[in-house]
Amino acid sequence: MKLAIMQPYIFPYIGYFQLIKAVDKFVIYDDVNFINRGWINRNRILVNGKDSLFTIPLKEASQNKLINEIEVNWDDAWKSKWLKTLEQSYKKAPFFQQVKPIIEQTLGQEKAIFSEIIVENLKLINAYLGIITEIIPSSAIYQNIELKAQNRILDICLQEKANHYINPIGGIELYQKEVFEEKGMRLNFIKSKPVQYPQLKNEFVPWLSILDVLMFNSVEQIQTFLDSYELV
């Protein structure tokens with residue numbers, strides 16, 4: 001069984017979904033400390049043809065709290081403002097009308113816990129793209145919060161009886177293949193290949209939020225992008 005473990009990110013870039021599709025079960029690592037100015041509640045979209053950062057506002061977010069303890073700040077007027085920005089930026093994109101309901105359903109949840117919103121968002125996008133990987137929050141089952149770093153990842157893999165663990169390429173210095181092999185597991189790192197597509201008449205800006213990919217590409221085209229990686 002192939003397994004991957006990642007912190008929850010809102011509307012992440014396509015490499016995140018490549019990793020989801022590459023495995024049988026995807027664990028949302030939600031009971032670790034929140035990272036300020038990370039990608040959990042931020043990503044990038046195209047605004048006026050240029051890379052623009054968006055941020056989902058949170059209540060009292062702190063690196064002293066676990067991710068699954070952080071709530072969204074629904075009191076701000078950011079939601080209507082951001083939806084307006086998205087419409088202005090992407091209304092001429094060929095798949096805007098198909099993608100708009102995913103955004104509205106995500107923002108319409110108004111659940112207290114942000115990580116729960118992200119899980120539902122990932123499931124909505126997976127359903128749209130035909131990805132059938134099971135998604136489970138780490139807080140729901142493993143009860144190993146006392147373990148740290150590689151030891152905790154290994155414990156989750158062992159609990160799941162995984163024989164193949166796949167990690168983003170950014171973790172290549174953090175995990176040792178021989179340690180996983182000693183536990184009877186194969187370890188690989190996923191490396192995305194360049195993905196490019198027309199963004200109206202703009203010069204192409206790579207590695208934006210999955211929103212940008214969804215707006216400009218058919219499901220069939222995105223499915224080819226999802227397989228555009230190598231395991232190292």
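The values are calculated or read from the model by the stated rules, or taken from the named source; none is laboratory data. A quick note: this is a predicted structure, and the numbers were derived from the prediction, not measured. Every residue, glycine among them, receives a Cβ derived from its backbone with ideal geometry; neighbour counts consider all protein chains shown. Only protein heavy atoms, including side chains, enter the accessible area calculation; ligands, DNA and RNA are left aside. Shrake-Rupley method; radii C 1.70, N 1.55, O 1.52, S 1.80 Å.
Overview of results
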quantity	calculated
Considering residues of segment 201-224 that are closer than 12 Å to Gly15 by Cα and in a loop (DSSP other than H, G, I, E, B) only, the residue most open to solvent (accessible area, probe 1.4 Å)	Trp207
Cross-chain or 6+ apart pairs with Cβ under 6 Å, segment 54-70 first and over 18 Å from Leu107 (Cα atoms), then at pLDDT below 95 and of a type in the set (Phe, Trp, Tyr)	Ala61/Phe34; Gln63/Phe34; Lys65/Phe34; Ile67/Phe34
Pairs where the first residue, in segment 197-222, is without any contact (Cβ under 8 Å) to a residue 60 or more places away in the chain and the second is part of a helix (DSSP H, G or I) and of a type in the set (Val, Ile, Thr), C-beta under 8 Å, 6+ apart	Tyr197/Val213
Segments classed as strands (runs of 3 or more DSSP E), wholly inside segment 2-84, with at least 1 members that are open to solvent by less than 80 Å² (accessible area, probe 1.4 Å) and in contact with a Lys or Arg (Cβ under 8 Å, 6 or more places away or on another chain)	2-6, 25-28, 50-55
Selection within segment 107-150 - in a helix (DSSP H, G or I) and either free of Cβ contacts under 8 Å to residues at least 60 places away in the same chain or open to solvent by 80 Å² or more (accessible area, probe 1.4 Å) (or both)	Leu107, Glu116, Glu120, Lys123, Leu124, Ala127, Ala140, Ala149, Gln150
Ile5 within 17 Å of the chain's Cα centre (by Cα) and closer than 30 Å to Val232 by Cβ	yes
Among residues of segment 120-152, those that are of a type in the set (Val, Ile, Thr) and touching an Asp or Glu at 6+ places or on another chain (Cβ under 8 Å), counted	2
Residues of segment 173-190 satisfying the condition of being surrounded by 15 or more Cβ atoms within 10 Å (Cβ to Cβ), without any contact (Cβ under 8 Å) to a residue 60 or more places away in the chain, within 18 Å of Leu19 (Cα to Cα) and not hydroxyl-bearing (Ser, Thr, Tyr)	Met185, Leu187, Asn188, Phe189
Test: Pro198 is open to solvent by 20 Å² or more (accessible area, probe 1.4 Å) and under 18 Å from the mean Cα position of the chain (by Cα)	no
